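Throughout, read-outs are computed from the coordinates displayed, never taken from laboratory work. Because the structure is a prediction, the values reported are computed rather than measured. Every residue, glycine among them, receives a Cβ derived from its backbone with ideal geometry; neighbour counts consider all protein chains shown.
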Amino acid sequence: MNIAIDGPAGAGKSTIAKLVAKKLGYIYVDTGAMYRTVALFLLRKGTDTDQAQAVADDIKDIVISIQYENGVQQVYLNDENVTGLIRTEEVGNMASKASALLCVREKLLDLQRKLAAEHDVVMDGRDIGSNILPNAETKIYLTASPAVRAKRRFDELSERGETPVLEKIEADIIARDKQDMEREIAPLKQTEDAVLIDSSYMSIEEVVAAIIDEASKK
Ligand code: DC
């Protein structure tokens, strides 16, 4: 059984997907973390994402892999656990740019499909229901208004001791949505068979319950 959860940045996909996976005893697969890992590599190397061939050459030999430690996904860049290094806005924005490139998407496709073939998964991302797992038993399109998503991210960063600017976060979120929805390859979109959940005015528990209810119909 596979549950695909797609939606824009900051919709709460990872929080929700983790809880759904825990309740059902499935594995949670965060595909955004894989794109963020490629982005971290490109940022370190100083590769320009406008140069598709340079990106293709640079990422050719890197290995991105996933392991689970106490049930929590850890992402590796070659032998380095980079899980704690990929949650910055800089990496997120780079991931959005890099993920528009075919060579980057192709690099991660097999890893994502393999995980879903070997386990019951709750997988979140942008193109899971539309492209990676078109036959997923349950497909959810999870969204919330840009203002609500910006406020959530603002609170998250503040809790981490950072000093974010709400207006900047909202502008970044809107720019990232545009980039992810308007790219040519595997853009973010709600497929016809996906259930739309707008979490703007829902609690985490309500969203989790709604998804489990959908999954139980299958
Ligand atoms: O969900 P996130 O913020 O960690 O994702 C970072 C970026 O990675 C996002 O802006 C677009 C890209 N991404 C993608 O193109 N496809 C996915 N399945 C997951 C993420």
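Pairs with C-alpha atoms separated by more than 21 Å, drawn from the list LYS18/LYS139; LYS13/LYS178; LYS22/LYS107; LYS60/LYS114, are LYS22/LYS107. In terms of surrounding Cβ atoms within a 10 Å radius of their Cβ, VAL208, VAL29 rank from fewest to most as VAL208, VAL29. Equivalent-ellipsoid semi-axes for the chain (Cα gyration tensor, √(5λ), whole Å, largest first): 25, 21, 17. When you filter the GluC sites (Glu not before Pro) in segment 113-196 for DSSP loop state and at most 11 other Cβ atoms inside 10 Å of their Cβ, you are left with GLU162, GLU184, GLU192.
Taking every DSSP beta bridge that has both ends in the chain, the antiparallel portion is near 30%. In the elastic network of the chain, a GNM with C-alpha springs shorter than 10 Å, the most mobile of LEU43, LEU188, LEU101 is LEU43. Of the trypsin sites (Lys or Arg not before Pro) in segment 78-160, the ones in a loop by DSSP (not H, G, I, E or B) with at most 12 other beta carbons within 10 Å are ARG160.
Mean sequence separation of contacting Cα pairs (under 8 Å, at least six apart), scaled by the length of the chain, corresponds to a relative contact order of 33 percent.
Building the convex hull from the alpha-carbon atoms of segment 104-157 and averaging its projection over directions returns 5.1 nm².
Fewest-first ordering of MET123, MET34, MET1 by other beta carbons within 10 Å of each residue's beta carbon gives MET1, MET34, MET123.
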